[in-house]
Amino acid sequence: QVQLVESGGGSVQAGGSLRLSCAASLRTFSSYRMGWFRQALGKEREFVATISWNGGSTDYSDSVKGRFTIARDNAKNTVYLQMDSLKPEDTAVYYCAARRLVSSNYDYWGQGTQVTVSA
């Protein structure tokens, strides 16, 4: 049974900050690349950020680079997304995902957490 559970979403004003957490039931958490995606109303799901198994490599979408930071704590089986300088266009449901190192696609997905940024 694989389970990813996101938390930390909420409603904030533009310029504010939120930290999302994703708790994973993966038995060997460090064997997975972790990522964050988001889906706004009426739009397709899009990539936000990803982090390698040991945290040595990260990647961000152009729209969030410089404002968001992804991190992981393998001892706690948790991945984080620190979101600063939030903008209304960041409003979306944010999803945590896990990908086996041998996979080309993400294998497991959480149920999502809502982030709403007001102007």
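Overview of values
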quantity: Of residues in segment 80-96 being acidic (Asp, Glu) and loosely packed, with under 15 Cβ neighbours inside 10 Å, the one farthest from Thr50 (Cα to Cα); calculated: Glu89
quantity: Selected residue (criterion: nearest to Gly16 (Cα to Cα)) from residues of segment 53-69 that are within 13 Å of the chain's Cα centre (by Cα) and open to solvent by 10 Å² or more (accessible area, probe 1.4 Å); calculated: Thr69
quantity: Residue check, Ala75 under 13 Å from the mean Cα position of the chain (by Cα) and surrounded by fewer than 19 Cβ atoms within 10 Å (Cβ to Cβ); calculated: no
quantity: Scope segment 1-22; condition within 15 Å of Ile70 (Cα to Cα) and surrounded by fewer than 17 Cβ atoms within 10 Å (Cβ to Cβ); matching residues; calculated: Ser7, Gly8, Ser17, Arg19
quantity: Of all residues making up segment 78-115, the number that are hydrophobic (A, V, I, L, M, F, W, C) and more than 12 Å from the chain's Cα centre (by Cα); calculated: 3
quantity: Enumeration of residues in segment 4-48 that are free of Cβ contacts under 8 Å to residues at least 24 places away in the same chain and farther than 15 Å from Tyr94 by Cα; calculated: Arg27, Thr28
quantity: Matching residues in segment 100-117 - criterion: being buried (at least 17 other Cβ atoms within 10 Å of the Cβ) and either in contact with a Lys or Arg (Cβ under 7 Å, 6 or more places away or on another chain) or aliphatic (A, V, I, L, M) (or both); calculated: Tyr106, Val115, Val117
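The values are calculated or read from the model by the stated rules, or taken from the named source; none is laboratory data. Every value quoted in this text rests on a predicted model; they were computed, and no experiment measured them. Neighbour counts run over all protein chains shown; Cβ positions are idealised from the backbone, glycine included. To get the accessible areas, we keep the full protein, side chains included, count just its heavy atoms, and leave off ligands, DNA and RNA. Shrake-Rupley method; radii C 1.70, N 1.55, O 1.52, S 1.80 Å.
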